[in-house]
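*Asks:* Next up is a structure, given as structure tokens.
The values are calculated or read from the model by the stated rules, or taken from the named source; none is laboratory data. This structure is a prediction, so every number in the text was calculated from the model and none was measured. Note that each Cβ is placed from the backbone with ideal geometry, even for glycine, and that neighbours are counted across all protein chains shown. Areas reflect the complete protein model, heavy atoms only, side chains present, ligands, DNA and RNA absent. Shrake-Rupley method; radii C 1.70, N 1.55, O 1.52, S 1.80 Å.
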Amino acid sequence: MTQPPNEPPHGGFGAPQDQPQQPQQPQQPPQAPQPQAAPQEAAPPQGGGFGAPQAPPPPQGPPSGAPQPGYGYPQQPPAAPQPGPYAQPGPYAQPGPYGAPQPGPYGQPGPYGQLGGPHGQPQQSGPYAQPQGYGYPPQPPFPGTPGTPPPGSGSRLKGKTALVVGAAVAALLVIGGTVFAVTGSSGGDDDKKPVAEKSDDPKPTASDSPVNPGDGSGAGGADSENLNEGRQAGEAKVLWYKEGPDAPADGADAPGMWITDKTAVKAVYKQLVAYNVGDGAPTWDPVTFPQKICGVTPQKTSDDKIVVAYMNGTSDRAKCNLLQQIDLNTGQKGWTGEVGDGALFDSTLQIELTVSGNTLMVGRSQSGTAYDVRTGKKLFDKKRYGSACFPGGFAGGARLIAVASCAAAQANEHDEVQELDPVTGKVKWTQKFDKGWTVSRVYSVDPLIVYSTNEDKKAWNISTLTPAGTFRSQVRIDESFAPGCGLAILARDLQGCEGVAADANTLYLPTEATSGPNEIVAVDLSTGKEKWRVKSPADESMLPVKVEGGKLIAYVEPSYNAGGRIVSIATGGSGHTPAKLLQNPQGTAQIESGFFSKDIDWVDGRFYLSTTRLSGSDDAKEKLMLAYGK
């Protein structure tokens with residue numbers, strides 16, 4: 001294991017050094033006593049991870065040649081904002097990556113130093129001052145500091161998975177232990193048939209008028225408004241748009257958005273709805289669930305399947321424990337399952353879903369269970385291990401990553417990161433983080449890039465790990481970054497951040513913009529140092545979306561007099577000027593910026609935009625989803 005040095009590097013968030021430093025005493029709520037159990041994996045490696053934070057520097061920075069702070073160096077917290085309606089300190093809040101309120105794209109409070117969440121969503125809190133849920137307003141920078149509401153016209157991009165209910169925190173304390181249980185029936189639904197022919201040619205329609213606005217239920221309807229009216233030369237078209245279904249007065253989550261070759265699928269409240277990518281025609285009848293959707297797999301499988309979790313009732317004690325597999329191309333229902341609670345305080349009030357290969361990992365608050373995503377058959381449990389280590393978060397994709405909190409309220413309290421074999425659950429490696437550091441986010445699983453925070457020091461760190469689990473580098477740039485994440489209450493929601501991208505050797509992070517344009521910084525994963533940076537081509541902020549074909553795809557937020565735009569940025573060479581791929585029409589700028597939280601995707605030359613939260617307002621029909629193209 002790489003040990004931290006004692007000679008700090010230059011910069012605010014230094015890379016690992018040579019010798020361990022003394023850890024700091026954490027501030028973390030104690031875990032409830034757990035029954036002793038034999039370790040099920042190998043004991044974690046000895047020694048700490050990166051060193052503890054150092055003393056803060058003078059406000060203007062140290063003189064030239066002076067030693068610089070090392071790992072997780074504490075940042076100067078942003079000025080405390082004025083109390084506002086969105087302020088929400090809470091017992092489960094952790095210092096997160098998104099500090100002071102930031103104008104611009106995702107409206108997340110500034111980067112590092114705010115109470116960050118898990119699945120990066122306010123775990124899903126309502127965007128419009130609703131009870132906690134997907135797309136909740138910005139959280140306070142640190143415990144005890146009130147937050148400020150975002151500007152009414154600003155848009156916000158949060159994480160993708162909706163997982164929480166308002167009474168979850170209180171209800172967690174009364175859940176007893178039950179056994180894990182999943183039913184793996186085939187449960188096909190032969191009654192679900194397409195109601196419209198799929199287009200054989202998914203290219204953008206030539207019509208200037210967007211088709212089939214519908215109401216989000218898949219039925220379609222007359223074009224109630226022409227969003228392309230007044231479209232200027234050079235502006236993209238709104239290919240189609242959908243209006244959201246009726247939602248409760250306190251709002252409803254609309255988590256997840258999946259794009260296949262033919263179909264765009266969206267989860268909203270109690271339904272999955274699907275539209276042809278080219279013309280917006282419904283591709284299959286909506287799949288309706290008995291209760292509201294409370295979680296989804298952010299990834300789809302290689303054969304376009306997802307798993308949806310929904311509530312088992314409507315009371316304050318209802319759990320998010322019912323699973324349903326769905327085929328995105330046909331709407332066909334696959335297997336169903338029910339997830340049991342774990343031991344004491346390990347409930348399914350909120351769960352976290354992720355897919356790695358053919359494995360579905362379902363995370364509770366202190367454990368997880370893996371299933372074959374194709375059949376629903378249980379594969380393994382990931383339970384407490386070692387010296388009181390409780391797995392509390394999972395990240396999937398090319399690899400299956402688990403994060404555990406160990407020995408809470410004890411002298412050797414710390415977090416650990418593991419890679420698991422997705423078929424057997426066998427631990428491939430374990431990496432221990434220093435005392436006081438909480439692993440809050442996973443920006444990428446391949447390469448593995450994790451974001452951690454230290455509540456005592458109000459500090460953050462971004463670390464890259466090698467395929468063998470050793471520390472490779474840390475971000476060594478003294479900068480305020482602002483990827484879009486929210487706050488999770490009962491789960492870490494490790495993959496709940498938008499506005500960050502990575503390839504094999506580079507991490508792309510957006511800076512915080514206090515006024516005017518922001519920048520995207522390319523970070524070398526071998527050294528943690530800056531490779532290059534590029535300024536947003538507009539006065540609004542620009543955020544990374546994905547790396548595609550050797551280029552970084554980024555989204556530039558809309559402004560008052562211009563729609564958003566999609567640009568590409570060369571990742572290699574010396575030229576990194578953003579090249580415009582699509583300019584959204586000015587006529588829909590207000591809709592774009594009106595989504596407090598949103599999902600975005602760029603696929604086959606089309607830009608897809610959807611809200612992740614309906615307000616429930618009866619004043620006007622809310623837009624659910626739009627598709628733009630040339």
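*Asks:* Report, by residue number, each residue of segment 398-414 that is open to solvent by 20 Å² or more (accessible area, probe 1.4 Å) and touching a residue at least 12 places away in the same chain (Cβ under 8 Å).
*Replies:* Hits for segment 398-414 are Ala398, Arg399, Ala409, Gln410, Asn412.
*Asks:* Would you confirm, using the coordinates I've provided, whether Leu509 is under 21 Å from Gln299 (Cα atoms), crowded, with 24+ Cβ neighbours inside 10 Å and among the hydrophobic types (A, V, I, L, M, F, W, C)?
*Replies:* When the stated conditions are applied, Leu509 does not pass them.
*Asks:* Quick one: in segment 282-322, which of the residues that are farther than 29 Å from Ser347 by Cα and among the polar types (S, T, N, Q) is most open to solvent (accessible area, probe 1.4 Å)?
*Replies:* Residue satisfying both the conditions and the ranking: Ser302.
*Asks:* Select from segment 563-586 the residues that are open to solvent by 30 Å² or more (accessible area, probe 1.4 Å) and either in a strand (DSSP E or B) or on the phi > 0 side of the Ramachandran plot (or both) and list them in ascending order.
*Replies:* Arg565, Ala570, Gly573, Ala579, Lys580, Leu581
*Asks:* Among the strands (runs of 3 or more DSSP E) lying completely within segment 482-542, list those that include at least 3 residues that are basic (Lys, Arg).
*Replies:* It comes to 530-535.
*Asks:* For Ala538, state whether it is farther than 22 Å from Ala570 by Cβ and surrounded by fewer than 24 Cβ atoms within 10 Å (Cβ to Cβ).
*Replies:* no
Yes/no per residue for (1) in a loop (DSSP other than H, G, I, E, B); (2) open to solvent by less than 10 Å² (accessible area, probe 1.4 Å); (3) among the charged types (D, E, K, R); (4) modelled with pLDDT of 95 or more:
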| position | (1), (2), (3), (4) |
| --- | --- |
| Trp240 | no, yes, no, yes |
| Asp246 | yes, no, yes, no |
| Asp250 | yes, no, yes, no |
| Pro255 | yes, yes, no, no |
| Val273 | no, yes, no, yes |
| Gly280 | yes, yes, no, yes |
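*Asks:* Among all residue pairs at least 6 apart or on different chains, which show Cβ distances below 7 Å where the first residue, located in segment 508-519, is on the phi > 0 side of the Ramachandran plot and the second is basic (Lys, Arg) and open to solvent by 10 Å² or more (accessible area, probe 1.4 Å)?
*Replies:* The qualifying pairs do not exist here.
*Asks:* Here is a follow-up. Looking at Gly334, Gly340, can you tell me which residue is over 17 Å from Leu494 (Cβ atoms), in a loop (DSSP other than H, G, I, E, B) and open to solvent by less than 30 Å² (accessible area, probe 1.4 Å)?
*Replies:* Gly340
*Asks:* May I pose another question? Could you list, in sequence order, the residues of segment 343-389 that are of a type in the set (S, T, N, Q), under 24 Å from Ala407 (Cβ atoms) and in a strand (DSSP E or B)?
*Replies:* Once the filter is applied, which keeps residues that are of a type in the set (S, T, N, Q), under 24 Å from Ala407 (Cβ atoms) and in a strand (DSSP E or B), segment 343-389 yields only Thr369.
*Asks:* Here is a further query. State which residue pairs qualify: first residue over 20 Å from Thr612 (Cβ atoms) and inside segment 262-279, second residue modelled with pLDDT under 95 and among the aliphatic types (A, V, I, L, M) in any location, beta carbons under 6 Å apart, and separation of 6 or more residues or different chains.
*Replies:* Filtered contacts from segment 262-279: Asp279/Val211.
*Asks:* Also: Could we say that Ala395 is over 23 Å from Leu448 (Cβ atoms), open to solvent by less than 10 Å² (accessible area, probe 1.4 Å) and aliphatic (A, V, I, L, M) here?
*Replies:* Considered against the rule, which asks whether it is over 23 Å from Leu448 (Cβ atoms), open to solvent by less than 10 Å² (accessible area, probe 1.4 Å) and aliphatic (A, V, I, L, M), Ala395 comes out as no.
*Asks:* For residues that are in contact with a Leu (Cβ under 9 Å, 6 or more places away or on another chain) and surrounded by fewer than 24 Cβ atoms within 10 Å (Cβ to Cβ), tally how many sit in segment 380-390.
*Replies:* Residues flagged as in contact with a Leu (Cβ under 9 Å, 6 or more places away or on another chain) and surrounded by fewer than 24 Cβ atoms within 10 Å (Cβ to Cβ) within segment 380-390 amount to 1.
*Asks:* Still on this structure: Enumerate the pairs (first residue in segment 465-476 and in a loop (DSSP other than H, G, I, E, B); second residue anywhere and aromatic (Phe, Trp, Tyr) and open to solvent by 10 Å² or more (accessible area, probe 1.4 Å)) with beta-carbon separation below 8 Å, excluding pairs fewer than 6 apart on the same chain, so at least 6 apart or on different chains.
*Replies:* Note: pairs meeting the criteria are Ala468/Trp429; Gly469/Trp429.
*Asks:* Could you give every pair whose Cβ atoms fall below 7 Å, whose first residue belongs to segment 417-435 and is surrounded by fewer than 18 Cβ atoms within 10 Å (Cβ to Cβ), and whose second residue is part of a strand (DSSP E or B) and of a type in the set (Asp, Glu), counting only separations of at least 6 or pairs across chains?
*Replies:* Between residues of segment 417-435 that are surrounded by fewer than 18 Cβ atoms within 10 Å (Cβ to Cβ) and residues that are part of a strand (DSSP E or B) and of a type in the set (Asp, Glu), the close pairs are Lys428/Glu419.
*Asks:* Quick one: what pairs do we get from segment 569-585, first residue free of Cβ contacts under 8 Å to residues at least 24 places away in the same chain, second not charged (D, E, K, R), C-beta under 7 Å, 6+ apart or different chains?
*Replies:* Between residues of segment 569-585 that are free of Cβ contacts under 8 Å to residues at least 24 places away in the same chain and residues that are not charged (D, E, K, R), the close pairs are Ala570/His576; Gly572/Gly550; Ala579/Val567; Ala579/Ser568.
*Asks:* Of the residues in segment 356-377, how many are at pLDDT 95 or above, open to solvent by 10 Å² or more (accessible area, probe 1.4 Å) and out of contact with any Pro (no Cβ under 7 Å at 6 or more places or on another chain)?
*Replies:* Of the residues in segment 356-377, 5 are at pLDDT 95 or above, open to solvent by 10 Å² or more (accessible area, probe 1.4 Å) and out of contact with any Pro (no Cβ under 7 Å at 6 or more places or on another chain).
*Asks:* Scan segment 587-608 for residues that are polar (S, T, N, Q), within 17 Å of Gly230 (Cβ to Cβ) and either buried (at least 20 other Cβ atoms within 10 Å of the Cβ) or touching an Asp or Glu at 6+ places or on another chain (Cβ under 7 Å) (or both) and report the count.
*Replies:* Total satisfying the criteria: 1.
*Asks:* Looking only at segment 436-460, filter to residues that are of a type outside the set (D, E, K, R) and not in a strand (DSSP E or B); which one of those is surrounded by the fewest Cβ atoms within 10 Å (Cβ to Cβ)?
*Replies:* That would be Pro447.
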